[in-house]
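As structure tokens, the structure follows; a few thoughts come after it.
The values are calculated or read from the model by the stated rules, or taken from the named source; none is laboratory data. All values reported here derive from a predicted model rather than from experimental measurement. Here the Cβ is made from the backbone with ideal geometry for all residues, glycine too, and neighbour counts use every protein chain on show.
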Amino acid sequence: MEKLVIEGGAPLSGTIAVSGSKNAALPILMAAILVNGNITFTNVPNLKDIRTTLKLLDILGCKSTFDGSTVTIDCQDLTPEAPYELVKTMRASVLCLGPLLARIGRAKVALPGGCAIGARPVDMHLTALEKMGAELDLDSGYINGKCKGLKGAHIQFPFPTVGGTEHVLMAACLAEGETVLENVAREPEVSDLAEFLIKCGAKIRGHGTSVIHVEGVESLAGCEYAVMSDRIEAGTFMAAAAITDGEVLLANCPFKELDAVVDKLREMGVLLEQRDDGVLVKRNGELVGVDVTTMPYPGFPTDMQAQIMALMTLAKGSGIIEERIFENRFMHVQELVRMGAKIKLKGNSAMVRGVDTLKGAPVMASDLRASASLVVAGLAAEGTTEVQRIYHLDRGYERIEEKLTNVGARIRRVDE
């Protein structure tokens, strides 16, 4: 077990290069199952979830190499089983089900695990695949699927689901006829997946809106594709720069995709200036509390809720954060309170009243974004903060301590 030890109080200053997006890369790598040919991906983050995905693809018969931020994959000889030992560690593993059914007509995929931030059932994924002609059976913790070729269908999601949209979008590319997806997720990562599939020969239109049309094709060909930069990593570093009263330039920053976060940070008193070489982040006076409600894109992302809460702990006045995406995503609150934050929970809302200082303390991460919020808070806290269980953090942030050290943070990784 490793932990991060942070000596707070150092303003961040310098340039941070934003890595490729984990949330975009995972489904895009899974989509390689659909492709008959060699694919080269660039700007891929070197993260545990990425390595887990490549290990799963290898088991499924997709040979890959990972060099720096470049991944090459060749999925010629596929096998249908995704074992529990891998799928249990990462929810995105279930996304191989639809592509396997579309490409070879059979699949055996373990039910997924992942972060403990609330129920995230795959019912909508399975219902949609059944509408497309798949025969699915749940047995001993596995989804067994078979089909004689998927058929286009009209799928209407009860609410926008990122994973469900990505899953059915992939499967529909090789289905016979047209598939219409309504009430889909509009997240930039969904659009990035669609752009990759289009480059391989898929016929997709409407991505980025609430309705996507897919006209199935017989096969997809290999290509070279650059994964988008990580908007959540960029937002996390924005919060880190602001909470330390620093001045950071974010290179490779997906600024347009961060509109809702940028609006709230500016409302709090953070200057965000788009330049030719990146986005400059610094305070524009005193931080002030704001109200935040998490919503599907283009609303405020749930994956930035914990980080903006950490920033609000040192803001003047108070603000209310309402979580509308996941029902169990306030587990970082008690850890922030241990550092001196004033936060009161009521149902799916948290009232944050700013304090003058946070105090370093030993804290424990409960999930990926909670980990990030504790790091952000620790950077500004007086004394030493020890963030334990950082294996969560390593699932979504590439060399975070190295990137922060390079801009003046006093942070190091040590064995517990």
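Please find, within the range 285-339, the residue that is farthest from GLU233 (Cα to Cα) out of those that are of a type in the set (Lys, Arg) and in contact with a Ser or Thr (Cβ under 9 Å, 6 or more places away or on another chain). Checked the range 285-339; the qualifying residue farthest from GLU233 (Cα to Cα) is ARG324.
Scan THR53, THR40 and give me the residue that is surrounded by fewer than 16 Cβ atoms within 10 Å (Cβ to Cβ), in contact (Cβ under 8 Å) with a residue 24 or more places away in the chain and closer than 26 Å to GLY216 by Cβ. Show your work before the answer.
Numbers: THR53 fails: surrounded by fewer than 16 Cβ atoms within 10 Å (Cβ to Cβ).
From the options THR53, THR40, the qualifying one is THR40.
Please pick out the residue among THR161, THR165, THR209, THR179 that is modelled with pLDDT under 95 and of a type outside the set (Lys, Arg).
Values: THR165 fails: modelled with pLDDT under 95; THR209 fails: modelled with pLDDT under 95; THR179 fails: modelled with pLDDT under 95.
Result: THR161 is the single residue among THR161, THR165, THR209, THR179 that is modelled with pLDDT under 95 and of a type outside the set (Lys, Arg).
Considering (1) free of Cβ contacts under 8 Å to residues at least 40 places away in the same chain; (2) of a type outside the set (Asp, Glu); (3) within 21 Å of GLY14 (Cα to Cα), the lone condition that THR294 does not fulfil carries the number (3).
When LEU271, LEU280, LEU314 are checked against the criterion of being closer than 22 Å to ALA365 by Cβ and not small (Gly, Ala, Ser), a single residue qualifies: LEU314. If you filter the range 355-392 down to residues that are hydroxyl-bearing (Ser, Thr, Tyr) and surrounded by fewer than 18 Cβ atoms within 10 Å (Cβ to Cβ), you find that the one that is farthest from GLN334 (Cα to Cα) is TYR391. Number of residues in the range 271-291 that are free of Cβ contacts under 8 Å to residues at least 40 places away in the same chain and crowded, with 22+ Cβ neighbours inside 10 Å equals 1.
Would you be able to tell me the number of residues in the range 127-153 that are under 16 Å from LEU95 (Cβ atoms) and surrounded by fewer than 21 Cβ atoms within 10 Å (Cβ to Cβ)? Outline the logic, then answer.
Our first condition is that a residue be under 16 Å from LEU95 (Cβ atoms); within the range 127-153, this holds for 127-129, 132, 134, 136, 142-143, 145, 150.
Filter once more, keeping what is surrounded by fewer than 21 Cβ atoms within 10 Å (Cβ to Cβ): 127, 136, 142.
Looking only at that region, the number is 3.
If you filter the range 223-266 down to residues that are of a type in the set (Phe, Trp, Tyr) and outside any helix (DSSP H, G or I), you find that the one that is surrounded by the fewest Cβ atoms within 10 Å (Cβ to Cβ) is PHE255. Of everything listed in (1) in contact with a helix residue (DSSP H, G or I) (Cβ under 8 Å, 6 or more places away or on another chain); (2) of a type in the set (A, V, I, L, M, F, W, C); (3) in a strand (DSSP E or B), the single unmet condition for LEU280 is (1).
Can you name every residue in the range 130-179 that is among the hydrophobic types (A, V, I, L, M, F, W, C), more than 27 Å from the chain's Cα centre (by Cα) and not in a loop (DSSP other than H, G, I, E, B)?
LEU136, LEU138 - these are the residues of the range 130-179 that are among the hydrophobic types (A, V, I, L, M, F, W, C), more than 27 Å from the chain's Cα centre (by Cα) and not in a loop (DSSP other than H, G, I, E, B).
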